[in-house]
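K.L.:
Sharing a structure with you now.
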Amino acid sequence: MALVAGVLPDFDIYFKPFIQHHTYSHSLVVLLPICAVLIVRFKGLGLAFSTGILSHLVADSFVGTIPPLYPLSDFQLGMSLGLPSPADTALEIGAFGLVLALASLNGDQKLVTKPHRESVYLAIPMVSIVTLTLLFAGDNNIPLAAFAFSRKALTLITLGHAALIGILGLGVFQGIRAFIADNRRPLKDSSGPPAQQ
């Protein structure tokens, strides 16, 4: 849920004629009340969702700027380290490493290595990553393939994204295998043993 929510602030790209990119969806004035309501209403799920949304703003403030007080003020906050930059590459690699470490610690790697029905839900972060990549390319009006391998840092990030999508794709495949295996099993006779006379 955090990964899915982490993509949401950039969906304002789809509403460009009506909403300028990096305004309302990147403002703490707008997002903090929404996050508070989500946490109060949905507890842990709301916290995961809110963490994803706010982590997007943190990452954007490293590589660029965000308008934390929009629409009250046009003040911009951030380090503007650039995209791609060593900071962006470190963020991407660090996040990838953190996901792999957490999956290993809590046993989630089994969702990729063995058939489990729950593995099919890995399609959600997989679609989120692909969507974020397409949104980024659309926001910069650039051919995605040409941009992805244009610099060393971007090549490293692109390879990391490809590896993560491959891992998630394998998990989705394991989920589909589990569904197929479950559907092929013969139904047990629920009538129970025959009555004795």
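K.L.:
Can you say whether Leu31 is more than 13 Å from Leu8 (Cα to Cα) and either free of Cβ contacts under 8 Å to residues at least 40 places away in the same chain or within 18 Å of the chain's Cα centre (by Cα) (or both), as far as the supplied structure shows?
P.N.:
Against the criterion (more than 13 Å from Leu8 (Cα to Cα) and either free of Cβ contacts under 8 Å to residues at least 40 places away in the same chain or within 18 Å of the chain's Cα centre (by Cα) (or both)), Leu31 does not qualify.
K.L.:
Tell me the residue from Asp74, Asp60 that is among the acidic types (Asp, Glu) and either at pLDDT below 90 or more than 13 Å from Tyr24 (Cα to Cα) (or both), please.
P.N.:
Asp60
K.L.:
Let me ask something additional. Return a yes/no flag: does region 57-70 have any residue that is loosely packed, with under 14 Cβ neighbours inside 10 Å and under 23 Å from Ala87 (Cβ atoms).
P.N.:
Yes, some residue in region 57-70 is loosely packed, with under 14 Cβ neighbours inside 10 Å and under 23 Å from Ala87 (Cβ atoms).
K.L.:
Okay, moving on. Scanning region 65-110 for residues that are part of a helix (DSSP H, G or I) and touching a residue at least 60 places away in the same chain (Cβ under 8 Å), which turns out farthest from the chain's Cα centre (by Cα)?
P.N.:
Pro86
K.L.:
Among the numbered criteria (1) modelled with pLDDT of 90 or more; (2) in a loop (DSSP other than H, G, I, E, B), which one does Gln20 miss?
P.N.:
Every condition holds for Gln20 apart from (1).
K.L.:
Residues to consider are Phe49, Phe62; find the one that is without any contact (Cβ under 8 Å) to a residue 60 or more places away in the chain, outside the structural domain of Leu170 (by TED's automatic domain parsing), in a helix (DSSP H, G or I) and under 15 Å from Ala2 (Cβ atoms).
P.N.:
Just a single option satisfies the conditions, and that option is Phe49.
K.L.:
Give the number of residues within region 104-119 that are surrounded by 15 or more Cβ atoms within 10 Å (Cβ to Cβ) and β-branched (Val, Ile, Thr).
P.N.:
1
K.L.:
If the Cβ limit is 7 Å and pairs must be 6+ apart or interchain, which residue in region 157-185 that is assigned by TED's automatic domain parsing to the domain that holds Ile93 pairs with which residue that is modelled with pLDDT of 85 or more and of a type in the set (Val, Ile, Thr)?
P.N.:
Close Cβ pairs satisfying both conditions: Ile167/Val112; Leu170/Val112; Gly171/Val112; Val172/Val120; Gln174/Val112; Gly175/Val120; Ile176/Val120; Phe179/Val120.
The values are calculated or read from the model by the stated rules, or taken from the named source; none is laboratory data. Quick caveat: nothing in here was measured; it's all calculated off a predicted structure. Every residue, glycine as well, gets a Cβ built from its backbone with ideal geometry; the counts of neighbours run over all protein chains shown.
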